[in-house]
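The values are calculated or read from the model by the stated rules, or taken from the named source; none is laboratory data. Everything numeric here is computed off the predicted structure, so don't read it as measured data. So basically every Cβ, Gly included, is an ideal-geometry build from the backbone, and we count neighbours across all protein chains shown. Protein only, heavy atoms only, side chains kept; ligands, DNA and RNA dropped before computing areas. Shrake-Rupley method; radii C 1.70, N 1.55, O 1.52, S 1.80 Å.
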Amino acid sequence: MQLTINGKPRSFDADSFSVAHLVTTLELTGKRLAIECNGEIVPRSQFEATQLVDGNKLEIVGAVGGG
Amino acid sequence: MSDLLKIADRTYRSRLLVGTGKYADFAQTRAAIDASGAEIVTVAIRRTNIGQTAGEPSLLDFLPPEQFTYLPNTAGCYSADDAVRTLRLARELLDGHKLVKLEVLGDPNTLYPNMIETIAAAKTLVKDGFDVMVYCSDDPIIVKQLEEIGCCAVMPLASLIGSGMGILNPWNLQIIIENAKIPVLVDAGVGTASDAAIAMELGCQGVLMNTAIAAARNPVLMAGAMKKAVEAGRDAYLAGRMPKKLYSASPSSPTTGLIS
């Protein structure tokens, strides 16, 4: 499947996997982040239960320095 | 010490709020914030770098959210929709944190706020349960409307973001402060310590700044200067200044007992 992550297309061999699996695959485990899938926030408690499929658009954000 | 800054349902000892951008590195960010004495720090919400970032330190490692009150902002947002979306992500990121700084910009050159979009976003956010501290123009009518919407603090600009031009319209600020029932904080435009002191002397409840500290030649020293300026300005406001007059027929020394 193909996912768009932070504006960039990425291909994965699997047809579907969970948001939790994506976090691990992207080596983001343990990082404080928030994830939006197709414009809807995926609560951290739902990472395991939320399945991603081809075409999903994800935003993965964190806190950075700013005024 | 009973003179505390009250915002939404919490109180703070420090009336200086600081940004965390534009520093040389995280260590300098932390040192400056420590010197400033700030308890509330603003952060921006941005896309996470994917790849080659595992193990790299993050801002949160240097400023643990347990030690500071985070104020996620919507810097860089040019529409109400983007601002609301950003702060909903921030709330998820910070475990349900409700206190946020709303700013919706109208122009990338001046960074002047778009108050029509800001008001629209404020309405949505207040309805959604956020405690909204709102960056705004120094227009007393706009500020009144933001208060009526239910924002927990209004933060009119002293001058444009990052300009360091100081308080360009102290008279508007005075009208805003006199009429406000919620805390008024100056946000943006402070250039040096005296600007912060003047804001506090006018009766502001606090000052929010970033560039004035981060872009100083010695940010840590400037952070300490700002702390003192905010405290001095606040004390001067509470003390109540003497009235201004062009000249005084009342010298400070006795008018009797002079040698002749």
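For the pair A:Lys57 and B:Lys245, label points projected 7 Å from Cα toward Cβ lie 6.9 nm apart. Once the Cα atoms are used to define both axes, helix B:26-36 deviates from the longest principal axis of chain B by about 30 degrees. Solvent-accessible surface of chain B, taken per residue with a 1.4 Å probe and all protein chains present: 49 Å².
Length available on full extension from B:Tyr112 to B:Ile50: 0.36 nm per residue minus the Cα-Cα distance, which gives 19.1 nm.
Counts of other chain beta carbons within 10 angstrom of each beta carbon in peptide B:38-49 average 5.
Measuring with a 1.4 angstrom probe and ignoring ligands and nucleic acids, B:Asp235 comes out at about 100 Å² accessible. Distances between placed amide hydrogens fall under 5 Å for B:Ile7 paired with B:Tyr12, all partners being 5 or more residues away or on another chain.
Extension gain, B:Leu168 to B:Ala27, is 47.4 nm, computed as 0.36 nm per intervening residue step minus the present C-alpha separation.
Residues of segment B:64-105 that bury at least 50 Å² of accessible area once all protein chains are present, compared with their chain alone (1.4 Å probe, heavy atoms only, ligands and nucleic acids left out), are B:Arg85, B:Leu89, B:Glu92, B:Leu93. Structure remark: mean-square fluctuation, Gaussian network model of chain B, C-alpha springs under 10 Å; the largest value among B:Ala193, B:Ala180, B:Ala153 belongs to B:Ala180.
Per residue of A:53-65, other chain Cβ atoms within 10 Å of the residue Cβ number 6 on average.
Within the listed set B:Ser36, B:Ser250, B:Ser137, the residue fluctuating most in the Gaussian network model of chain B (springs between alpha-carbon atoms under 10 angstrom) is B:Ser250.
Distance from the Cα centroid of segment B:60-75 to that of segment A:8-67 is 22 Å (rounded to whole angstrom). Rolling a 1.4 Å probe over the heavy atoms of the protein chains gives segment A:2-62 an accessible area of 54 Å² per residue. Straight Cα distances below 24 angstrom link B:Lys144 to the lysines B:Lys6, B:Lys98, B:Lys101, B:Lys123, B:Lys127, B:Lys181, with same-chain residues fewer than 8 positions distant left out. Here the protein assembly as shown has 52 percent of its accessible surface on carbon and sulfur atoms, given a 1.4 Å probe and all protein chains in place. Between A:Asn6 and B:Lys6, the simple label model (points 7 Å from Cα in the Cβ direction) yields a spacing of 4.2 nm. Modelled spin labels at B:Asn218 and A:Gln46, positioned 7 Å past Cα toward Cβ, are 5.2 nm from each other.
Dipole size of segment B:1-66 about its Cα centre, with +1 on Lys/Arg Cβ and -1 on Asp/Glu Cβ: approximately 260 debye, rounded to the nearest 20. Looking at the protein assembly as shown alone, DSSP beta bridges between its own residues are antiparallel in about 50 percent of cases. Counting only protein heavy atoms and rolling a 1.4 Å probe, how much accessible area do A and B lose on contact, total for both sides, in Å² to 100? The A and B chains share an interface burying roughly 2400 Å². Scaling the Cα radius of gyration of the protein assembly as shown by the globular reference 2.2 N^0.38 Å produces a ratio of 1.15.
Length gained on full extension, B:Lys144 to B:Lys228: 27.2 nm, using 0.36 nm per residue less the C-alpha separation. Overall shape: prolate for chain A, with the ratio a/c of the largest to smallest alpha carbon gyration tensor axis at 1.5 or above and a/b above b/c.
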